[in-house]
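Structure record follows, encoded as C-alpha coordinates.
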Amino acid sequence: MKVDQPHRIVIVGGGAGGLELATRLGNRLGKPGKAHITLIDKARTHFWKPHLHEIAAGSVDLNEHATNYLAQSHWHGFRYRIGEVTGLDRARRKVLVASAHDDEGLPITPAYERDYDTLVLAAGSQTNDFGTPGVAEHAIALETPKEAERFHSRLVNACMSAHVRGTQNESRLVEIAIIGAGATGVELAAELHRSMRTLVSYGLDSIDPETDIRIHLIEAGPRILPPLSERIAQAATKLLADMGVRVMVGTRVTAVTPDGVQLADGRFLRAQLVVWAAGVKAAPWLKDLAGLETNQLNQLVVGPTLQTTRDEAIFAIGDCAAAPWLKHGGNVPPRAQAAHQQASHLARELARRLRGQPVREWQYRDFGSLVSLGNRSPVGNLMGGLIGGNLWVEGFFARMMYQSLFKMHEVAIHGAWKTALGTASRALTRRTEPRVKLH
(Lines give C-alpha, C1' and ligand atoms only; values in the text may rest on other atoms or scores of the structure.)
Protein backbone atom coordinates (compact mmCIF):
# COMPACT_ATOMS: atom_id res chain seq x y z
CA MET A 1 0.00 0.00 0.00
CA LYS A 2 1.88 3.06 -1.24
CA VAL A 3 0.93 6.54 -0.06
CA ASP A 4 2.63 9.91 -0.16
CA GLN A 5 2.50 10.31 3.60
CA PRO A 6 2.97 7.71 6.35
CA HIS A 7 0.01 5.41 6.79
CA ARG A 8 -2.15 6.63 9.69
CA ILE A 9 -3.10 3.93 12.20
CA VAL A 10 -5.38 5.01 15.06
CA ILE A 11 -5.95 2.75 18.06
CA VAL A 12 -8.88 3.55 20.36
CA GLY A 13 -8.40 2.18 23.88
CA GLY A 14 -5.24 1.61 25.89
CA GLY A 15 -6.13 -1.62 27.66
CA ALA A 16 -4.14 -4.83 27.47
CA GLY A 17 -4.69 -5.30 23.74
CA GLY A 18 -4.63 -1.64 22.69
CA LEU A 19 -1.43 -0.68 24.49
CA GLU A 20 0.41 -3.83 23.42
CA LEU A 21 -0.58 -3.19 19.81
CA ALA A 22 0.41 0.50 19.92
CA THR A 23 3.78 -0.41 21.46
CA ARG A 24 4.54 -3.17 18.95
CA LEU A 25 3.45 -1.05 15.96
CA GLY A 26 5.35 1.96 17.27
CA ASN A 27 8.55 -0.04 17.55
CA ARG A 28 8.06 -1.75 14.20
CA LEU A 29 6.48 0.96 12.04
CA GLY A 30 6.44 4.23 13.98
CA LYS A 31 10.13 4.62 14.77
CA PRO A 32 11.27 3.89 11.17
CA GLY A 33 8.68 6.36 9.82
CA LYS A 34 6.73 3.69 7.93
CA ALA A 35 3.46 4.62 9.66
CA HIS A 36 2.04 7.20 12.05
CA ILE A 37 0.59 5.46 15.11
CA THR A 38 -1.84 7.21 17.50
CA LEU A 39 -3.36 5.80 20.69
CA ILE A 40 -6.47 7.54 22.07
CA ASP A 41 -7.63 6.93 25.64
CA LYS A 42 -9.54 9.00 28.18
CA ALA A 43 -7.20 7.95 31.00
CA ARG A 44 -3.59 9.01 31.46
CA THR A 45 -2.25 5.66 32.64
CA HIS A 46 -2.69 1.98 31.93
CA PHE A 47 -3.19 -0.77 34.50
CA TRP A 48 -3.64 -4.47 33.77
CA LYS A 49 -7.33 -5.04 34.41
CA PRO A 50 -7.10 -8.61 35.84
CA HIS A 51 -5.21 -7.11 38.81
CA LEU A 52 -7.85 -4.53 39.75
CA HIS A 53 -9.12 -6.77 42.56
CA GLU A 54 -5.67 -6.47 44.17
CA ILE A 55 -5.87 -2.68 44.18
CA ALA A 56 -9.34 -2.95 45.72
CA ALA A 57 -8.03 -5.25 48.45
CA GLY A 58 -4.95 -3.09 49.05
CA SER A 59 -2.50 -5.82 48.04
CA VAL A 60 -1.08 -3.76 45.17
CA ASP A 61 -0.18 -0.08 44.99
CA LEU A 62 -1.39 1.44 41.71
CA ASN A 63 1.62 3.76 41.49
CA GLU A 64 3.99 0.78 41.33
CA HIS A 65 2.24 -0.89 38.38
CA ALA A 66 0.66 1.87 36.30
CA THR A 67 2.12 2.70 32.89
CA ASN A 68 2.00 6.34 31.81
CA TYR A 69 0.72 6.59 28.24
CA LEU A 70 2.66 9.75 27.44
CA ALA A 71 5.99 8.28 28.54
CA GLN A 72 5.24 4.95 26.84
CA SER A 73 4.44 6.68 23.56
CA HIS A 74 7.66 8.71 23.71
CA TRP A 75 9.79 5.61 24.27
CA HIS A 76 8.10 3.39 21.69
CA GLY A 77 7.42 5.48 18.61
CA PHE A 78 3.69 6.25 18.79
CA ARG A 79 1.59 9.23 19.86
CA TYR A 80 -0.83 9.34 22.77
CA ARG A 81 -3.82 11.69 22.74
CA ILE A 82 -6.22 12.10 25.63
CA GLY A 83 -9.96 12.00 25.04
CA GLU A 84 -13.07 9.85 24.91
CA VAL A 85 -14.21 8.71 21.48
CA THR A 86 -17.89 9.45 20.87
CA GLY A 87 -18.38 8.69 17.22
CA LEU A 88 -16.96 7.83 13.82
CA ASP A 89 -17.25 9.30 10.32
CA ARG A 90 -16.49 6.37 8.05
CA ALA A 91 -16.99 8.34 4.85
CA ARG A 92 -14.26 10.84 5.77
CA ARG A 93 -12.30 8.30 7.86
CA LYS A 94 -12.30 10.41 10.99
CA VAL A 95 -12.58 9.49 14.66
CA LEU A 96 -14.67 11.94 16.70
CA VAL A 97 -13.29 12.70 20.17
CA ALA A 98 -15.04 14.66 22.92
CA SER A 99 -13.39 17.43 24.90
CA ALA A 100 -11.37 16.31 27.93
CA HIS A 101 -11.66 17.81 31.43
CA ASP A 102 -9.81 17.27 34.68
CA ASP A 103 -11.33 16.13 37.99
CA GLU A 104 -12.37 19.71 38.78
CA GLY A 105 -14.15 20.13 35.45
CA LEU A 106 -11.51 22.38 33.93
CA PRO A 107 -10.86 21.89 30.19
CA ILE A 108 -7.78 20.04 29.03
CA THR A 109 -8.40 19.63 25.30
CA PRO A 110 -11.31 20.71 23.08
CA ALA A 111 -13.28 18.26 20.99
CA TYR A 112 -11.33 17.16 17.93
CA GLU A 113 -11.26 14.79 14.95
CA ARG A 114 -8.48 12.33 14.13
CA ASP A 115 -7.85 11.11 10.58
CA TYR A 116 -7.11 7.45 10.00
CA ASP A 117 -6.28 5.06 7.19
CA THR A 118 -6.59 2.05 9.47
CA LEU A 119 -8.62 2.12 12.68
CA VAL A 120 -8.36 -0.42 15.51
CA LEU A 121 -11.07 -0.32 18.18
CA ALA A 122 -9.85 -1.80 21.47
CA ALA A 123 -12.30 -0.07 23.78
CA GLY A 124 -12.63 -2.92 26.30
CA SER A 125 -15.80 -3.53 28.29
CA GLN A 126 -17.80 -2.14 31.19
CA THR A 127 -20.17 -3.45 33.82
CA ASN A 128 -23.54 -4.80 32.75
CA ASP A 129 -26.00 -4.16 35.60
CA PHE A 130 -28.93 -5.68 33.65
CA GLY A 131 -31.08 -2.71 34.70
CA THR A 132 -30.95 -3.65 38.39
CA PRO A 133 -32.18 -0.70 40.53
CA GLY A 134 -29.59 0.99 42.73
CA VAL A 135 -26.46 -0.51 41.18
CA ALA A 136 -25.17 2.75 39.70
CA GLU A 137 -25.87 4.69 42.90
CA HIS A 138 -24.84 2.27 45.63
CA ALA A 139 -22.50 -0.38 44.22
CA ILE A 140 -18.90 -0.15 43.06
CA ALA A 141 -17.85 -1.80 39.81
CA LEU A 142 -14.16 -2.61 39.52
CA GLU A 143 -13.83 -1.26 35.98
CA THR A 144 -10.99 1.20 36.47
CA PRO A 145 -8.11 1.77 38.90
CA LYS A 146 -9.95 4.82 40.20
CA GLU A 147 -12.97 2.69 41.15
CA ALA A 148 -10.74 0.06 42.75
CA GLU A 149 -8.97 2.72 44.82
CA ARG A 150 -12.34 4.18 45.84
CA PHE A 151 -13.43 0.76 47.08
CA HIS A 152 -10.21 0.29 49.04
CA SER A 153 -10.53 3.71 50.68
CA ARG A 154 -14.07 2.85 51.77
CA LEU A 155 -12.87 -0.55 52.99
CA VAL A 156 -10.23 1.03 55.25
CA ASN A 157 -12.80 3.52 56.53
CA ALA A 158 -15.28 0.74 57.29
CA CYS A 159 -12.68 -1.18 59.31
CA MET A 160 -11.62 1.93 61.25
CA SER A 161 -15.26 2.71 62.00
CA ALA A 162 -15.89 -0.87 63.13
CA HIS A 163 -12.88 -0.69 65.45
CA VAL A 164 -14.21 2.45 67.13
CA ARG A 165 -17.63 0.86 67.53
CA GLY A 166 -15.95 -2.14 69.11
CA THR A 167 -14.25 0.02 71.73
CA GLN A 168 -17.70 1.34 72.62
CA ASN A 169 -19.19 -2.16 72.90
CA GLU A 170 -21.22 -1.73 69.73
CA SER A 171 -21.42 -3.94 66.64
CA ARG A 172 -18.04 -4.43 64.99
CA LEU A 173 -19.33 -6.21 61.90
CA VAL A 174 -17.82 -5.34 58.52
CA GLU A 175 -19.96 -6.93 55.80
CA ILE A 176 -19.15 -6.96 52.10
CA ALA A 177 -21.44 -8.23 49.35
CA ILE A 178 -19.85 -9.23 46.04
CA ILE A 179 -22.47 -9.77 43.35
CA GLY A 180 -21.28 -12.05 40.59
CA ALA A 181 -19.05 -15.09 41.07
CA GLY A 182 -17.05 -14.97 37.89
CA ALA A 183 -13.27 -14.66 38.04
CA THR A 184 -13.37 -11.06 39.32
CA GLY A 185 -15.79 -11.80 42.14
CA VAL A 186 -14.06 -15.01 43.24
CA GLU A 187 -10.59 -13.50 43.18
CA LEU A 188 -11.74 -10.40 45.05
CA ALA A 189 -13.37 -12.50 47.78
CA ALA A 190 -10.20 -14.53 48.29
CA GLU A 191 -7.93 -11.49 48.24
CA LEU A 192 -10.13 -9.61 50.72
CA HIS A 193 -9.99 -12.56 53.11
CA ARG A 194 -6.21 -12.19 53.32
CA SER A 195 -5.80 -8.41 53.11
CA MET A 196 -8.49 -7.54 55.67
CA ARG A 197 -6.85 -9.76 58.26
CA THR A 198 -3.59 -7.96 57.61
CA LEU A 199 -5.33 -4.59 57.74
CA VAL A 200 -6.94 -5.13 61.16
CA SER A 201 -3.59 -6.34 62.55
CA TYR A 202 -2.32 -2.75 62.27
CA GLY A 203 -3.86 -1.63 65.57
CA LEU A 204 -7.56 -2.28 64.84
CA ASP A 205 -7.53 -4.93 67.53
CA SER A 206 -11.14 -4.65 68.66
CA ILE A 207 -12.10 -6.43 65.42
CA ASP A 208 -11.98 -10.23 65.43
CA PRO A 209 -11.31 -11.19 61.78
CA GLU A 210 -12.88 -14.63 62.26
CA THR A 211 -16.26 -13.36 63.47
CA ASP A 212 -16.48 -9.65 62.64
CA ILE A 213 -15.58 -9.75 58.93
CA ARG A 214 -18.20 -11.28 56.63
CA ILE A 215 -17.75 -11.61 52.89
CA HIS A 216 -20.80 -12.69 50.88
CA LEU A 217 -20.28 -13.94 47.30
CA ILE A 218 -23.61 -13.97 45.46
CA GLU A 219 -24.20 -15.78 42.16
CA ALA A 220 -27.50 -16.05 40.29
CA GLY A 221 -26.41 -19.22 38.49
CA PRO A 222 -26.17 -22.74 39.92
CA ARG A 223 -22.40 -22.52 40.62
CA ILE A 224 -19.52 -20.09 40.80
CA LEU A 225 -17.13 -19.49 37.88
CA PRO A 226 -19.75 -20.38 35.25
CA PRO A 227 -17.43 -19.98 32.20
CA LEU A 228 -14.85 -22.37 33.66
CA SER A 229 -14.84 -26.11 34.24
CA GLU A 230 -16.89 -27.84 36.92
CA ARG A 231 -13.68 -29.09 38.53
CA ILE A 232 -12.27 -25.58 38.98
CA ALA A 233 -15.61 -24.36 40.34
CA GLN A 234 -15.80 -27.16 42.91
CA ALA A 235 -12.21 -26.65 44.07
CA ALA A 236 -12.69 -22.89 44.34
CA THR A 237 -15.97 -23.28 46.25
CA LYS A 238 -14.28 -25.51 48.82
CA LEU A 239 -11.34 -23.17 49.26
CA LEU A 240 -13.61 -20.14 49.68
CA ALA A 241 -15.70 -22.02 52.25
CA ASP A 242 -12.52 -22.92 54.15
CA MET A 243 -11.69 -19.20 54.25
CA GLY A 244 -15.10 -18.37 55.70
CA VAL A 245 -16.47 -16.70 52.57
CA ARG A 246 -20.25 -17.16 52.40
CA VAL A 247 -20.97 -18.48 48.89
CA MET A 248 -24.59 -18.05 47.81
CA VAL A 249 -25.46 -19.66 44.46
CA GLY A 250 -28.87 -19.66 42.78
CA THR A 251 -29.46 -16.29 44.40
CA ARG A 252 -30.60 -13.31 42.35
CA VAL A 253 -30.22 -9.69 43.44
CA THR A 254 -33.21 -7.46 42.61
CA ALA A 255 -31.97 -4.15 44.04
CA VAL A 256 -29.02 -2.49 45.75
CA THR A 257 -29.70 0.03 48.53
CA PRO A 258 -27.46 2.22 50.71
CA ASP A 259 -27.63 -0.47 53.42
CA GLY A 260 -27.17 -3.66 51.39
CA VAL A 261 -28.83 -5.82 48.73
CA GLN A 262 -32.37 -7.05 48.23
CA LEU A 263 -32.64 -10.68 47.11
CA ALA A 264 -35.31 -12.14 44.86
CA ASP A 265 -36.48 -14.56 47.58
CA GLY A 266 -37.43 -11.65 49.84
CA ARG A 267 -34.35 -11.65 52.07
CA PHE A 268 -32.36 -8.49 52.69
CA LEU A 269 -28.60 -8.78 53.11
CA ARG A 270 -26.97 -5.93 55.01
CA ALA A 271 -23.59 -4.74 53.74
CA GLN A 272 -21.49 -1.61 54.15
CA LEU A 273 -19.80 -2.26 50.81
CA VAL A 274 -21.32 -3.72 47.63
CA VAL A 275 -19.29 -4.73 44.57
CA TRP A 276 -21.10 -5.44 41.30
CA ALA A 277 -19.21 -7.99 39.20
CA ALA A 278 -22.15 -9.80 37.62
CA GLY A 279 -21.51 -9.19 33.94
CA VAL A 280 -19.86 -7.10 31.25
CA LYS A 281 -20.78 -5.49 27.96
CA ALA A 282 -19.08 -3.21 25.48
CA ALA A 283 -19.51 0.56 25.77
CA PRO A 284 -22.89 1.95 24.62
CA TRP A 285 -21.28 4.29 22.06
CA LEU A 286 -20.19 1.23 20.07
CA LYS A 287 -23.80 0.16 19.47
CA ASP A 288 -24.43 0.51 15.72
CA LEU A 289 -21.39 2.80 15.45
CA ALA A 290 -21.49 4.44 12.03
CA GLY A 291 -23.46 1.48 10.70
CA LEU A 292 -20.97 -1.18 11.86
CA GLU A 293 -22.48 -4.52 12.87
CA THR A 294 -22.81 -5.09 16.62
CA ASN A 295 -24.41 -7.71 18.86
CA GLN A 296 -26.63 -7.48 21.95
CA LEU A 297 -23.61 -6.75 24.16
CA ASN A 298 -22.61 -3.79 21.94
CA GLN A 299 -19.59 -5.77 20.70
CA LEU A 300 -18.38 -5.13 17.16
CA VAL A 301 -18.81 -8.23 15.01
CA VAL A 302 -15.55 -9.10 13.25
CA GLY A 303 -14.47 -11.81 10.87
CA PRO A 304 -11.54 -14.23 11.22
CA THR A 305 -9.11 -11.45 10.18
CA LEU A 306 -10.44 -9.21 13.02
CA GLN A 307 -11.79 -6.77 10.44
CA THR A 308 -15.32 -5.52 11.04
CA THR A 309 -17.90 -7.10 8.79
CA ARG A 310 -18.86 -3.83 7.05
CA ASP A 311 -15.56 -1.97 6.77
CA GLU A 312 -12.19 -3.59 6.00
CA ALA A 313 -10.31 -0.50 7.21
CA ILE A 314 -11.66 -0.97 10.75
CA PHE A 315 -10.48 -3.72 13.09
CA ALA A 316 -11.65 -4.59 16.61
CA ILE A 317 -9.84 -6.55 19.34
CA GLY A 318 -10.30 -7.40 23.01
CA ASP A 319 -13.53 -7.36 24.98
CA CYS A 320 -15.29 -4.99 22.55
CA ALA A 321 -14.95 -7.48 19.66
CA ALA A 322 -17.17 -10.49 18.93
CA ALA A 323 -14.47 -12.58 17.25
CA PRO A 324 -15.22 -16.09 15.94
CA TRP A 325 -13.52 -19.04 17.65
CA LEU A 326 -12.71 -20.95 14.48
CA LYS A 327 -11.86 -24.37 15.92
CA HIS A 328 -14.30 -24.32 18.81
CA GLY A 329 -17.38 -22.55 17.47
CA GLY A 330 -19.07 -19.48 18.93
CA ASN A 331 -17.11 -16.41 19.93
CA VAL A 332 -13.77 -16.07 21.69
CA PRO A 333 -14.28 -15.44 25.44
CA PRO A 334 -13.39 -11.97 26.77
CA ARG A 335 -10.06 -12.83 28.39
CA ALA A 336 -6.76 -10.99 28.69
CA GLN A 337 -4.98 -13.81 26.88
CA ALA A 338 -7.26 -13.30 23.86
CA ALA A 339 -6.47 -9.57 23.71
CA HIS A 340 -2.76 -10.35 24.02
CA GLN A 341 -2.89 -12.83 21.13
CA GLN A 342 -4.94 -10.47 18.96
CA ALA A 343 -2.50 -7.60 19.54
CA SER A 344 0.47 -9.80 18.59
CA HIS A 345 -1.35 -11.01 15.48
CA LEU A 346 -2.40 -7.55 14.30
CA ALA A 347 1.07 -6.11 14.85
CA ARG A 348 2.32 -8.56 12.21
CA GLU A 349 -0.68 -8.36 9.91
CA LEU A 350 -0.92 -4.56 9.75
CA ALA A 351 2.74 -4.48 8.71
CA ARG A 352 1.86 -6.94 5.94
CA ARG A 353 -1.16 -4.83 4.98
CA LEU A 354 1.05 -1.78 4.50
CA ARG A 355 3.12 -3.83 2.05
CA GLY A 356 -0.01 -4.66 0.07
CA GLN A 357 -0.30 -8.22 1.33
CA PRO A 358 -3.62 -9.74 2.49
CA VAL A 359 -4.47 -9.93 6.19
CA ARG A 360 -4.33 -13.50 7.45
CA GLU A 361 -6.88 -15.12 9.76
CA TRP A 362 -6.37 -15.15 13.52
CA GLN A 363 -6.61 -18.45 15.39
CA TYR A 364 -7.29 -18.29 19.13
CA ARG A 365 -5.16 -20.66 21.23
CA ASP A 366 -6.75 -21.48 24.55
CA PHE A 367 -4.02 -21.82 27.20
CA GLY A 368 -6.48 -22.66 29.92
CA SER A 369 -8.17 -20.90 32.81
CA LEU A 370 -6.44 -19.55 35.88
CA VAL A 371 -8.04 -18.35 39.10
CA SER A 372 -6.09 -16.71 41.92
CA LEU A 373 -7.34 -17.62 45.36
CA GLY A 374 -4.91 -15.57 47.41
CA ASN A 375 -1.72 -16.46 49.24
CA ARG A 376 -3.37 -18.82 51.72
CA SER A 377 -4.45 -21.25 49.04
CA PRO A 378 -2.94 -22.44 45.77
CA VAL A 379 -4.04 -21.16 42.40
CA GLY A 380 -6.18 -23.75 40.64
CA ASN A 381 -6.22 -23.85 36.86
CA LEU A 382 -7.00 -26.10 33.94
CA MET A 383 -4.46 -25.96 31.13
CA GLY A 384 -5.85 -26.61 27.66
CA GLY A 385 -4.26 -25.60 24.35
CA LEU A 386 -0.78 -25.23 25.87
CA ILE A 387 -0.19 -28.99 25.97
CA GLY A 388 -2.74 -30.22 23.45
CA GLY A 389 -4.97 -31.64 26.16
CA ASN A 390 -6.17 -30.90 29.67
CA LEU A 391 -4.02 -30.89 32.78
CA TRP A 392 -5.07 -29.95 36.32
CA VAL A 393 -2.33 -28.07 38.15
CA GLU A 394 -2.25 -26.33 41.50
CA GLY A 395 0.04 -25.08 44.22
CA PHE A 396 3.36 -23.39 43.51
CA PHE A 397 3.47 -24.29 39.81
CA ALA A 398 -0.04 -22.97 39.23
CA ARG A 399 0.81 -19.75 41.07
CA MET A 400 3.83 -19.25 38.83
CA MET A 401 1.68 -19.82 35.75
CA TYR A 402 -0.81 -17.22 36.96
CA GLN A 403 1.93 -14.65 37.55
CA SER A 404 3.48 -15.42 34.17
CA LEU A 405 0.40 -14.08 32.37
CA PHE A 406 1.07 -10.62 33.78
CA LYS A 407 4.80 -10.93 33.06
CA MET A 408 4.02 -11.70 29.42
CA HIS A 409 2.01 -8.49 29.28
CA GLU A 410 4.81 -6.50 30.93
CA VAL A 411 7.39 -7.88 28.51
CA ALA A 412 5.14 -6.96 25.58
CA ILE A 413 4.97 -3.30 26.60
CA HIS A 414 8.30 -2.80 28.40
CA GLY A 415 10.70 -5.48 27.16
CA ALA A 416 12.39 -8.21 29.18
CA TRP A 417 15.13 -6.10 30.78
CA LYS A 418 12.86 -3.36 32.09
CA THR A 419 10.35 -5.95 33.30
CA ALA A 420 13.08 -7.71 35.29
CA LEU A 421 14.26 -4.44 36.84
CA GLY A 422 10.70 -3.43 37.74
CA THR A 423 10.01 -6.80 39.34
CA ALA A 424 13.16 -6.58 41.45
CA SER A 425 12.38 -3.01 42.47
CA ARG A 426 8.87 -3.92 43.64
CA ALA A 427 10.23 -6.89 45.59
CA LEU A 428 12.61 -4.58 47.47
CA THR A 429 9.89 -2.00 48.12
CA ARG A 430 7.63 -4.63 49.70
CA ARG A 431 10.36 -5.28 52.28
CA THR A 432 10.10 -1.72 53.61
CA GLU A 433 6.37 -0.99 53.25
CA PRO A 434 3.25 -2.31 55.05
CA ARG A 435 2.03 -5.62 53.62
CA VAL A 436 -1.28 -3.99 52.71
CA LYS A 437 -2.11 -0.44 51.68
CA LEU A 438 -3.48 1.45 54.69
CA HIS A 439 -5.09 4.46 53.02
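The values are calculated or read from the model by the stated rules, or taken from the named source; none is laboratory data. Remember, predicted model here, so these are calculated numbers, not experimental data. Cβ: placed from backbone, ideal geometry, glycine included. Neighbour counts: every protein chain shown.
Listed values, structure above:
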read-out: Filtered residues of segment 189-204 (kept if outside any loop (DSSP other than H, G, I, E, B) and either outside the structural domain of Ala141 (by TED's automatic domain parsing) or over 12 Å from Ile224 (Cβ atoms) (or both)); value: Glu191, Leu192, His193, Arg194, Ser195, Met196, Arg197, Thr198, Leu199, Val200
read-out: Tally of residues being within 19 Å of Arg360 (Cβ to Cβ) and of a type in the set (Lys, Arg) across segment 307-328; value: 1
read-out: Sole residue being among the aliphatic types (A, V, I, L, M), modelled with pLDDT under 65, in contact with a helix residue (DSSP H, G or I) (Cβ under 8 Å, 6 or more places away or on another chain) and not assigned by TED's automatic domain parsing to the domain that holds Ile232, chosen from Met383, Met408, Met400; value: Met383
read-out: Residues of segment 228-251 that turn out to be within 20 Å of Val275 (Cα to Cα) and loosely packed, with under 15 Cβ neighbours inside 10 Å, as a count; value: 3
read-out: Per-region count, segment 305-349, residues on the phi > 0 side of the Ramachandran plot, at pLDDT below 95 and either assigned by TED's automatic domain parsing to the domain that holds Ile413 or touching a strand residue (DSSP E or B) at 6+ places or on another chain (Cβ under 9 Å) (or both); value: 1
read-out: Criterion: in contact with a helix residue (DSSP H, G or I) (Cβ under 9 Å, 6 or more places away or on another chain) and buried (at least 21 other Cβ atoms within 10 Å of the Cβ) - qualifying residue of Ala255, Ala282; value: Ala282
read-out: Strands (runs of 3 or more DSSP E) enclosed by segment 31-115 - at least 3 residues per element that are of a type in the set (D, E, K, R); value: 112-115
read-out: Candidate set: segment 204-227, residues that are buried (at least 22 other Cβ atoms within 10 Å of the Cβ) and closer than 25 Å to Ala183 by Cβ; chosen: the one modelled with the lowest pLDDT; value: Leu225
read-out: Restricting segment 321-339 to residues that are over 15 Å from Ser125 (Cα atoms) and part of a strand (DSSP E or B), the residue that is nearest to the chain's Cα centre (by Cα); value: Asn331
read-out: Long-range neighbours under 9 Å by Cβ, at least six apart or interchain, first residue not assigned by TED's automatic domain parsing to the domain that holds Ile413 and modelled with pLDDT of 95 or more within segment 69-88, second in a loop (DSSP other than H, G, I, E, B) and among the acidic types (Asp, Glu); value: none
read-out: Test for Ala347: is it surrounded by 15 or more Cβ atoms within 10 Å (Cβ to Cβ), farther than 22 Å from Lys407 by Cα and small (Gly, Ala, Ser); value: no
read-out: Unmet criterion (only one of (1) in contact with an Asp or Glu (Cβ under 8 Å, 6 or more places away or on another chain); (2) closer than 30 Å to Leu292 by Cβ; (3) surrounded by 14 or more Cβ atoms within 10 Å (Cβ to Cβ)) for Ala136; value: (3)
read-out: Matching option when the condition is of a type in the set (Gly, Ala, Ser), touching a residue at least 24 places away in the same chain (Cβ under 8 Å), buried (at least 24 other Cβ atoms within 10 Å of the Cβ) and more than 13 Å from Ala412 (Cβ to Cβ), among Ala16, Ala57; value: Ala57
read-out: Counted residues, segment 312-337 - those being in contact (Cβ under 8 Å) with a residue 60 or more places away in the chain and either closer than 15 Å to Ile9 by Cβ or surrounded by 17 or more Cβ atoms within 10 Å (Cβ to Cβ) (or both); value: 12
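Let's see how each residue does on (1) in contact with a Lys or Arg (Cβ under 7 Å, 6 or more places away or on another chain); (2) farther than 24 Å from Pro333 by Cα:
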{"residue": "Glu170", "(1), (2)": "no, yes"}
{"residue": "Leu173", "(1), (2)": "yes, yes"}
{"residue": "Gly180", "(1), (2)": "no, no"}
{"residue": "Glu187", "(1), (2)": "no, no"}
{"residue": "Ser195", "(1), (2)": "no, yes"}
{"residue": "Thr198", "(1), (2)": "yes, yes"}
{"residue": "Ser201", "(1), (2)": "no, yes"}
{"residue": "Asp205", "(1), (2)": "no, yes"}
{"residue": "Arg214", "(1), (2)": "yes, yes"}
